[in-house]
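Accompanying notes for the structure given below.
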Amino acid sequence: MRTGSALLAATIGVTWAVVYLVTQVFVSPPLGVGTTVAAGAVVSVLLVLGYPSALRGPRAATALRRWSRSRDGSESPGARHEGRGVERSRRRIVAGGRRMPLRSGLTADAARRTAELLRPLLGGDAVVITDRELNLAFVGPGVDHHTAGGPVRAAIVRSTIAKGRTVVSRRASSMGCDDPDCPLRSAVVVPLVVGARVVGTIGVFRTHDEPAPRDQVEDMASILSLHLELAEADRERKLASDARLDALRAQINPHFLFNILNTIASKSRTDPDEARQLLLRLSDFFRYAVRQEGQLAEFAQEYFFVRTYLSLEQARFGDRLRVRYDVDPQVLTAHVPVLVIQPLVENAVKHGLADKVEGGTVTLKARVDPLTRTTSIRVTDDGVGMTADVLDTLGAGGGADRGAEGEAGPRGGIGLRNISERLTTLFGERFTLDIQSTAGAGTVVEVRVPLR
């Protein structure tokens, strides 16, 4: 509407300018003011009246419209009315499918809300949604014996589940309901399919012998099956992400724990207060690693976790490990994947600095870019670095060879691959994991994720 109004206003303005030039500039002597105003007003009125066709253009044809034609190719009024009815019905079905509660999975609550939504859309007196064994929801006449949560009673529904295809009943005797007082007389039952598996059915029942339109019920069943496939994919993706997170938790190096406990034991003789502080930090470290729920957490929580880890490592390495933090305060409230920063920092300490006699510095830098709406996390060390061959192996997803102590390959290849797979699960292609390293000069690992 705003674009059309602006176009109309601009056209009228140009028209008045043309009228003025024609009547006042190009002719000699100039015409009277009244003539100029009258000409401009007439042209403006014509433009306004002709705006729907001349400026806005013809209306687009409806994509879902179906027309029935007679044998001579002409279009009958009755067929046109029927085509419009089908179009309206299909539009309602598509609109309903966009907000189907079954997107969350085939549960009793989602089935009930879906059945209530579909009952007026599909032209039936009753709607049932089942899994392979139970009526998850039943709305309409017959609810007294086709109870939600009860076993599937109608033979037509059981037949649909067994055959995996649509079954239509046009008389009460073929319904297979074991209640003689059941008011339902006809039905269309369509399977709900995920992949090649029949996971349930949707049935539309009527109290007379003419069943609901089969194509409409099948269209809706296809939409619901797609929603169920998406819900299952979401569950599988979440399970895979949770498994990778559990793997990262399990990967917390037991040698780190033993080394820190040895450090605490030695400090307990020379500096009991520091030993007690180290024990508290160690408990905080493992409490967060084990109890943190969900895939995302505020950066502030991950930042505290990393600082706790590095304080423990500094107690072990002493002056050989130096740490710098360069964190923008805006990052603190951004949500980042849990247990991603700490493994990167651990790699920098364990593989970058531990083998360097004089030690080195680990730098953690974090920024928020409001223009690209990304959170950038960079871990830098000035340790031993990596050769080009090792870097290529990591980039190709390698580094899975294990040493004598069960460690991952160079720079913790298993951990990096695990992190990359988790980020792919969470963000698809909307993240970057960049590794740059030079042998003898250090390594830079940068992660960019969408701002949450």
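We did not get these values from a lab; they are worked out from the coordinates using the rules stated. All values derive from a computational prediction rather than experimental measurement. Neighbour counts are summed over all protein chains in view; Cβ atoms, including those assigned to glycine, are modelled from backbone coordinates with ideal geometry.
Shown in residue order for the range 159-173 are the 3J(HN,Hα) couplings computed by the Karplus curve 6.51 cos²θ - 1.76 cosθ + 1.60 at θ = phi - 60°: 5, 4, 5, 5, 7, x, 8, 5, 10, 10, 10, 10, 8, 4, 5 Hz (x for Gly and Pro). Projecting the Cα positions of ALA212, ALA196, PRO180 onto the charge dipole of the range 116-271 (unit charges on Cβ atoms of Lys, Arg, Asp and Glu, taken about the Cα centre) puts ALA196 furthest along the positive direction.
Our estimate of slack between GLU293 and LEU226, defined as 0.36 nm per intervening residue step minus the Cα-Cα distance, is 21.2 nm.
Here ALA108 and VAL168 are evaluated by their C-beta separation; at R0 = 22 Å the FRET efficiency comes out at 0.25.
Note on the range 153-237: Rg/Rh from C-alpha atoms, Kirkwood Rh, equals 1.04.
Cross-link candidates for LYS267: which aspartates and glutamates have Cα within less than 20 Å, leaving aside residues fewer than 8 places away along the same chain? Candidates past the 8-residue exclusion: ASP284, GLU313, ASP319. With the simple spin-label model, which puts each label point 7 Å out from Cα in the Cβ direction, the ASP434 to ARG373 separation comes to 2.1 nm. In this rough spin-label picture, where each label sits 7 Å from Cα along the Cβ direction, the THR270-PHE286 distance is 2.4 nm. If r is the Cβ-Cβ distance from SER420 to ASN259 and R0 is 35 Å, what FRET efficiency results, to the nearest 0.05? Calculated transfer efficiency: 0.80. With each label modelled as a point 7 angstrom along the Cα→C-beta vector, the ASP389-LEU332 pair spans 4.7 nm.
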